[in-house]
Amino acid sequence: MNEEKQQKFFHVPIVLLRELFTDKEKALNEIIQYGVWNFSKKFPMSIDNVAKQTMYGFYRGGLPSELYKRIKKLTDNGLVELDEDYNGFLGKTFEPDTSALSNFLADDDGLKELATEYAAVNTIHNKNILGLRVGSVDRLIKQAKDIHKKFLPNALWLWLAQAGFFEFRDKEKPEYDLMQFAYYLGIRSILGTKKFWHTNHLMIRCRAFGYSSPKELPSFITSNDELARGRLGNLFKKYSSTHHKAKLINILRLNWGLTAYSKGVNGVMVSMKGNMSQIELIAITKERQLTNRLKRQKEEDKENELKALELMKQRHQTRPPTS
């Protein structure tokens, strides 16, 4: 995915969907925080720019605590000089002497990582690169790192389009609209970069609730006890009905750009209209079905040949001897 396209998506672990139905605002805010932080990791920053933004944050406040402590130690020891009178400003322009800090950044990978992380998120925020303002840069970095430590490195990832995302965060949505959103994200996580895929409704529902597969589902969701399942488990069960499964797929086909086909399929074939038309998906499905039928026929022929040889052997053994 090229850089321009990446700016229209959040790349986040699917586990962040787990609170979508219990605390929607928290879940979607964490997606934003992690998405911005993760994008910042690939954002190009020169050492001089990093040094300049770090010193601005040091003078004006807002540096993450660990980075602030590292810079404060350098200034206290006289290794990085401060301009106490102008705080780095010459009139209306911010032009601090960052040569010493730039040298430290070049030689200290840990300091460089902290400062680059701050400067990249700060640039994304100030220049509105992702089409949003992130609020406190310090808080965003802290919360994103907490998420990273909690769920990574084995999390399943999802490219989540920003288009329409904020409408779900900022407006009240009925349960069924939110389920459409989650189901759509579940299918997108299954597709990944693939043009199409053969899946099933249980897998889609697992992804919609933030779990990579049925094996990951907690016991309360799969409990037979309605009380033990709680709201989340009962929602999971509710949308496992044949009616809801078919209706969700049809709604996503009508309004969310999904292409899907399930006739004669154990599960469902899925794609997106931008990748494959309905006719193309049906054609591929039929081709796969034919290939599977021919494969089964070939296996049956091989098995029948062995049975025929065994039958011939038995007949030969029971045939009376000739005089």
Within 10 Å, count the other beta carbons around each residue, average over each peptide in 113-123, 304-314, and list them highest first.
-> 113-123, 304-314
Within 10 Å of each residue's Cβ, count the other Cβ atoms and sort SER241, SER223 from fewest upward.
-> SER241, SER223
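Using the C-alpha atoms of region 136-295, what convex hull volume per residue, in cubic angstrom, is computed?
It comes to 164 Å³ per residue, whole-number rounded.
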Filter on LYS195/LYS295; LYS237/LYS295; LYS41/LYS195; LYS171/LYS238; LYS150/LYS263; LYS215/LYS302 - keep pairs with C-alpha separation over 29 Å = LYS237/LYS295; LYS150/LYS263; LYS215/LYS302
Once both labels are modelled 7 Å past Cα along the beta-carbon direction, what's the ASP48-ARG288 spacing in nm?
-> 5.4
Using Cα pairs under 8 angstrom and six or more residues apart, how large is the relative contact order of the chain, in percent?
-> 18
Relative to the compact-globule estimate 2.2 N^0.38 Å (N residues), the Cα gyration radius of the chain stands at a ratio of 1.47
Local electrostatic count at MET45 - Lys and Arg +1, Asp and Glu -1, tallied over other residues with Cβ under 13 Å | +2
Where only alpha carbons of region 8-62 are counted, the Rg and the Dmax (Å) | 15.4, 44
Taking Cα centroids, how far is region 265-321 from region 180-223 in Å?
-> 29
Which helices count as membrane-span-like in the chain under these terms: full DSSP H, at least 15 Å along the axis by C-alpha, Kyte-Doolittle mean of 0.0 or more?
-> 175-191
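Let me know the volume per residue of the alpha-carbon convex hull for region 3-166, in Å³. Kindly include the intermediate steps, with their values, before the conclusion.
Working: hull volume 20.4 nm³, N = 164.
Per-residue hull volume (Cα only) is 124 Å³.
Quote the relative contact order of region 3-166 in percent (integer), defining contacts as alpha-carbon pairs under 8 Å separated by 6+ residues.
40
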Expected 222 nm ellipticity per residue - DSSP helices of 4 or more, -39500 (n - 2.57), all of the chain, to 500 = -19000 deg cm²/dmol
At a Cα cut-off below 15 Å, give the aspartates and glutamates reachable from LYS142, other chains included and same-chain residues fewer than 8 away excluded.
-> GLU30, GLU66, GLU113, GLU117
Near LYS307, within a Cβ-to-Cβ distance under 12 Å, what is the net charge of the other residues, with Lys and Arg +1 and Asp and Glu -1?
-> -3
Provide the descending list of Cα extents for region 206-255 along its principal axes, expressed in whole angstroms.
-> 35, 22, 15
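Values quoted throughout were computed directly from the atomic coordinates according to the rules given, and no laboratory measurement underlies them. No experiment lies behind these values; they were computed from the predicted model shown. For neighbour counting, all protein chains shown are included, and Cβ atoms are generated from backbone atoms with ideal geometry for every residue, glycine included.
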